[in-house]
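I have placed the structure first, in the form of structure tokens, so that the comments after it can refer back to it.
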């Protein structure tokens with residue numbers, strides 16, 4: 001039974017990691033670096049717990065907005081962003097536009113993997129673990145992946161467009177935080193209202209969440225394609241430079 005639950009928790013992470021790895025067409029990242037980035041995502045879990053503990057000690061809120069942003073969106077994305085900046089930013093392997101997305105996604109998926117395992121194994125029964133695993137495979141893990149695509153896109157732009165670096169670095173943390181917080185807020189509030197007398201509002205918010213999720217997927221796929229194109233151009237330019245040098 002535990003093997004089935006573990007597989008359900010890990011499989012969506014593997015699928016999305018393979019997806020972004022295959023999208024890196026021009027200069028594959030070293031496997032050791034990808035594992036390291038994945039480990040950074042795991043490391044972000046205890047960092048996040050510390051940050052949330054500090055936030056709660058300073059100001060403990062009880063609203064859905066507080067839970068979505070101050071206990072999830074802000075600390076989780078901040079920890080992932082900080083580890084990227086500390087470890088990946090100046091690494092020699094971060095040498096093309098698309099690498100920002102690759103490394104950010106592996107960090108995000110490392111975080112999502114451990115979080116997923118924690119949730120499914122804390123379920124009260126095998127049936128509830130399956131239910132939680134399926135829901136998180138469809139929502140939470142892809143959510144972390146998409147927040148990472150947003151972060152990685154702007155980090156790639158910041159790295160290779162130094163004249164706009166400050167702007168893109170700000171975007172690289174603000175937009176994932178907003179996306180993550182809004183994702184959780186709409187989902188949590190729609191769930192809470194669907195169990196109250198305002199069930200119809202919960203349904204409306206759920207539809208809003210579905211629309212928001214679709215828009216995030218479209219944004220993420222477009223940014224992946226855009227960064228692939230930038231990497232292709234840089235790759236071709238590098239080939240031409242080597243030809244003319246020889």
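The values are calculated or read from the model by the stated rules, or taken from the named source; none is laboratory data. This is a predicted model, so every value here is computed, not measured. All Cβ positions, even for glycine, are placed from backbone atoms using ideal geometry, and neighbour counts span all protein chains on display.
Numbers below:
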item	result
Tally of residues being closer than 21 Å to residue 17 by Cα and within 14 Å of the chain's Cα centre (by Cα) across the stretch 184-222	6
Candidates 26, 66, filtered to the one that is at negative phi, surrounded by fewer than 19 Cβ atoms within 10 Å (Cβ to Cβ) and not in a helix (DSSP H, G or I)	26
Output for the stretch 123-157, where each listed residue is free of Cβ contacts under 8 Å to residues at least 40 places away in the same chain and under 18 Å from residue 104 (Cα atoms)	140, 144
Tally, over the stretch 134-166, of residues that are in a helix (DSSP H, G or I) and over 24 Å from residue 182 (Cβ atoms)	7
Hits in the stretch 2-34 (condition: within 17 Å of residue 92 (Cβ to Cβ) and either touching a helix residue (DSSP H, G or I) at 6+ places or on another chain (Cβ under 8 Å) or without any contact (Cβ under 8 Å) to a residue 60 or more places away in the chain (or both))	24, 26, 27, 28, 29, 31, 32, 33, 34
Test: residue in the stretch 117-125 that is crowded, with 21+ Cβ neighbours inside 10 Å and within 15 Å of the chain's Cα centre (by Cα)	no
Exclusive hit being touching a helix residue (DSSP H, G or I) at 6+ places or on another chain (Cβ under 7 Å), within 30 Å of residue 4 (Cβ to Cβ) and modelled with pLDDT of 85 or more, set 129, 137	137
Members of the stretch 73-95 that are more than 22 Å from residue 180 (Cβ to Cβ) and surrounded by 24 or more Cβ atoms within 10 Å (Cβ to Cβ)	none
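The rows are residues; the columns are (1) modelled with pLDDT of 90 or more; (2) out of contact with any strand residue (DSSP E or B) (no Cβ under 8 Å at 6 or more places or on another chain); (3) over 22 Å from residue 75 (Cβ atoms).
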position	(1), (2), (3)
185	yes, yes, no
192	no, yes, no
204	no, yes, yes
212	no, yes, no
